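Participant: Before we start, here is the structure in question, set down as structure tokens.
The values are calculated or read from the model by the stated rules, or taken from the named source; none is laboratory data. Just so you know, these numbers come straight off a predicted model, no measurement behind them. Cβ coordinates were reconstructed from backbone atoms using ideal geometry, including for glycine residues, and neighbour counts include every protein chain displayed.
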Amino acid sequence: MSKIFSIARYLFIESIRDKLFIMLMLVSVIIVAGNFALDFFDQGVQDRIIFDFGSSLASLLGAFLCLYLTTSQIRAQLDSKQAYFILASECSRTHFIIGKWLGSVIFTAFNVLIIFGEIFLIIYFNSGLFSSLTLIYFYIVLLKLSLLGAIAAFFCVTFSLVTAPALSVFIYFIGHWGSYISYALEKNGSSALILNISGFITGYLLPNFKYYTAEHVITENFEGAAGYLGMLTLYTLAANAIILGTSSIVFKKKDL
Amino acid sequence: MYMSDNKIAIECVNLSKSYSSNLNDREKSAVKNLNLTVNAGEVHGFLGHNGAGKTTSIKMIVKLITPTSGDIKIFGRDIKNADYLDKTAYIAESVNFYQFLTPAEIIDFSISLNPVSFAAFDRRDLKSKSEEALNETGLYKWKDVSVEKFSKGMRQRLALALCLLRQPDLLILDEPGSGLDPDGISLLLKIIEKFKKMSKTVFFSSHHISEIERVCDRVSIIKYGELIETIDLSDHAKKSVDIESRYLELMRS
């Protein structure tokens with residue numbers, strides 16, 4: 001475990017010094033803060049605007065960071081032979097993959113936390129509300145991004161620097177819009193078999209990103225919301241374990 | 001786990017590697033039935049033309065690629081089931097590190113990844129040993145500068161500093177002289193000689209016959225994936241061998 005944490009730790013240190021990430025964070029923080037200006041035109045829903053826009057931006061930035069980091073830290077390091085030194089004599093490929101994934105998730109979480117913290121503070125100072133939904137949604141976004149990171153890690157051990165993130169985005173897209181794909185197929189008069197296959201792939205075989213929304217938490221009472229978050233955590237942990245486990249097996253057999 | 005008292009450091013038996021070619025679906029052999037023995041404590045050179053299979057052979061030895069057939073033993077232990085080779089250090093032809101970390105941090109990272117390798121040192125000594133290794137490789141004044149500003153040769157020196165610090169039983173270098181200036185090559189040969197004095201095993205590939213002649217006890221020559229000769233260059237045999245003319249003769253035959 002110490003090797004995994006060590007890889008994750010140094011990935012974090014490396015990333016926090018990257019000017020690209022610092023710039024991205026600054027721009028995101030400024031954009032979210034800029035929402036405050038919308039107060040001049042508000043209809044009494046400014047908190048909602050700040051929350052919706054800010055959390056969407058945080059989710060989008062997080063997805064970009066997660067994909068970029070995982071790709072640059074796994075695929076690019078393999079292509080540039082940077083990883084050879086440690087893979088030959090310092091850690092196993094399983095340690096490498098999980099360490100890189102963990103580091104990417106922690107760094108992404110750190111950045112997303114800053115934006116959610118900003119949203120929380122703006123709402124607090126604007127309306128005096130203690131927005132617990134902001135914290136809950138941060139947690140949901142974090143779970144979602146950890147899953148996206150695991151998918152990206154899987155593709156990074158097999159595909160090229162361009163194909164790996166493209167496939168990850170594709171799976172992310174299918175995971176969000178799977179039910180619409182089934183709906184479109186149904187409208188086009190596809191056979192029951194095709195509909196069943198499509199439903200199985202988008203609903204069960206591929207990770208379902210539709211679970212990662214706040215609506216389930218808002219509509220439930222406290223027990224229901226806690227239960228939903230618990231189930232979502234278990235689902236994410238299981239999916240991450242399966243994807244990272246498969247990545248590790250594939251990576252062990254891969255010639256570098 | 002390792003048997004460092006084993007008399008053979010690397011033993012490759014009938015080692016082969018084939019790749020399928022996308023153009024005509026034919027298998028292309030990069031290495032064919034390589035039988036190579038590197039004795040413990042010797043400096044062993046690996047010579048061959050471009051595309052002869054040196055890097056492929058080395059990558060199989062360090063488990064970066066899986067052989068199509070054949071066996072590899074490191075200090076008597078079959079490496080098939082090993083995740084990585086913890087008493088071995090490998091430096092690839094072009095070395096890269098985390099670009100925003102400093103040499104001092106990269107050393108810390110290496111120590112944290114493989115603390116067993118540094119167990120011989122007292123924790124308090126480790127810092128002075130790190131500085132010593134950086135000093136010896138001419139990187140001490142750069143120790144707090146991020147690696148992104150380093151040239152290829154400086155990265156190579158950093159990798160050598162890590163090896164000096166870890167003192168692995170087996171040091172494997174793939175074209176270590178490429179990217180190094182004459183001063184760097186001289187340093188590299190000094191480090192190899194230092195390892196030799198410590199009875200460590202060094203196996204390295206090179207195009208530079210002068211490097212091989214200066215430090216190697218034996219040299220193996222590979223041509224089109226096949227080992228064609230191993231020449232003894234130890235002190236007693238050195239005088240009678242003109243390795244350059246022998247190498248050229250074998251390449252032209």
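For every residue, the table says whether it meets (1) of a type outside the set (D, E, K, R); (2) surrounded by fewer than 17 Cβ atoms within 10 Å (Cβ to Cβ); (3) without any contact (Cβ under 8 Å) to a residue 60 or more places away in the chain; (4) away from chain A (no Cβ under 12 Å).
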| residue | (1), (2), (3), (4) |
| --- | --- |
| B:LEU101 | yes, no, yes, no |
| B:PHE109 | yes, no, yes, no |
| B:SER112 | yes, no, yes, no |
| B:LYS143 | no, no, yes, yes |
| B:CYS163 | yes, no, no, no |
| B:PRO176 | yes, no, no, yes |
| B:GLY179 | yes, no, no, yes |
| B:PRO182 | yes, yes, yes, yes |
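Participant: Exactly one of these conditions fails for B:SER94: (1) more than 8 Å from chain A (Cβ to nearest Cβ); (2) small (Gly, Ala, Ser); (3) closer than 17 Å to B:ASP174 by Cα. Give me its number.
Facilitator: Every listed condition holds for B:SER94 apart from (1).
Participant: Would you mind telling me which numbered condition in (1) modelled with pLDDT of 85 or more; (2) more than 16 Å from the chain's Cα centre (by Cα); (3) within 30 Å of B:LEU15 (Cα to Cα) B:VAL147 fails?
Facilitator: Status for B:VAL147: all satisfied but (3).
Participant: Taking region B:92-136 as the region of interest, how many residues are of a type in the set (Asp, Glu), assigned to a loop (DSSP other than H, G, I, E, B) and modelled with pLDDT of 85 or more?
Facilitator: 0
Participant: Take the residues in region A:1-14 that are surrounded by fewer than 19 Cβ atoms within 10 Å (Cβ to Cβ) and part of a helix (DSSP H, G or I); name whichever of them is farthest from the other protein chains (Cβ to nearest Cβ).
Facilitator: A:PHE12
Participant: Would you be able to say whether some residue in region A:94-107 is closer than 25 Å to A:ILE22 by Cβ, out of contact with any helix residue (DSSP H, G or I) (no Cβ under 9 Å at 6 or more places or on another chain) and surrounded by fewer than 21 Cβ atoms within 10 Å (Cβ to Cβ)?
Facilitator: No, every residue in region A:94-107 fails to be closer than 25 Å to A:ILE22 by Cβ, out of contact with any helix residue (DSSP H, G or I) (no Cβ under 9 Å at 6 or more places or on another chain) and surrounded by fewer than 21 Cβ atoms within 10 Å (Cβ to Cβ).
Participant: Across region B:145-161, what is the total count of residues that are outside any loop (DSSP other than H, G, I, E, B) and either of a type in the set (Asp, Glu) or within 14 Å of chain A (Cβ to nearest Cβ) (or both)? Full working, then the answer.
Facilitator: Taking region B:145-161 as the starting set, the residues that turn out to be outside any loop (DSSP other than H, G, I, E, B) are B:147-149, B:152-161.
Keeping just the survivors that are either of a type in the set (Asp, Glu) or within 14 Å of chain A (Cβ to nearest Cβ) (or both) gives B:147-149, B:152, B:155-161.
Number satisfying all stated conditions: 11.
Participant: Still on this structure: Inspect all residues belonging to region A:76-90 and state whether any of them is of a type in the set (Gly, Ala, Ser), touching an Asp or Glu at 6+ places or on another chain (Cβ under 9 Å), within 10 Å of chain B (Cβ to nearest Cβ) and crowded, with 21+ Cβ neighbours inside 10 Å.
Facilitator: yes
Participant: If I ask for residues that are within 11 Å of chain B (Cβ to nearest Cβ) and in contact (Cβ under 8 Å) with a residue 24 or more places away in the chain, which ones from region A:15-29 would you list?
Facilitator: A:SER15, A:ILE16, A:PHE21
Participant: Residues B:SER205, B:SER199, B:SER245: which one is more than 23 Å from B:ILE107 (Cα to Cα) and surrounded by 19 or more Cβ atoms within 10 Å (Cβ to Cβ)? Spell out how you get there, then give the answer.
Facilitator: Values: B:SER199 fails: surrounded by 19 or more Cβ atoms within 10 Å (Cβ to Cβ); B:SER245 fails: surrounded by 19 or more Cβ atoms within 10 Å (Cβ to Cβ).
Only one candidate passes the filter, namely B:SER205.
Participant: Would you be able to tell me the number of residues in region A:206-256 that are free of Cβ contacts under 8 Å to residues at least 60 places away in the same chain and either part of a helix (DSSP H, G or I) or surrounded by 18 or more Cβ atoms within 10 Å (Cβ to Cβ) (or both)?
Facilitator: Going through region A:206-256 one residue at a time, the tally reaches 22.
Participant: Quick one: is B:VAL219 within 25 Å of B:ALA52 (Cβ to Cβ), modelled with pLDDT of 90 or more and within 15 Å of the chain's Cα centre (by Cα)?
Facilitator: Criteria met by B:VAL219.
To keep it simple, each residue is scored yes or no on (1) among the acidic types (Asp, Glu); (2) within 30 Å of A:SER15 (Cβ to Cβ); (3) out of contact with any His (no Cβ under 6 Å at 6 or more places or on another chain); (4) away from chain A (no Cβ under 14 Å).
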site: B:GLU11; (1), (2), (3), (4): yes, no, yes, yes
site: B:SER29; (1), (2), (3), (4): no, no, yes, yes
site: B:GLY41; (1), (2), (3), (4): no, no, yes, yes
site: B:PHE46; (1), (2), (3), (4): no, no, yes, yes
site: B:MET60; (1), (2), (3), (4): no, no, yes, no
site: B:LEU85; (1), (2), (3), (4): no, yes, yes, no
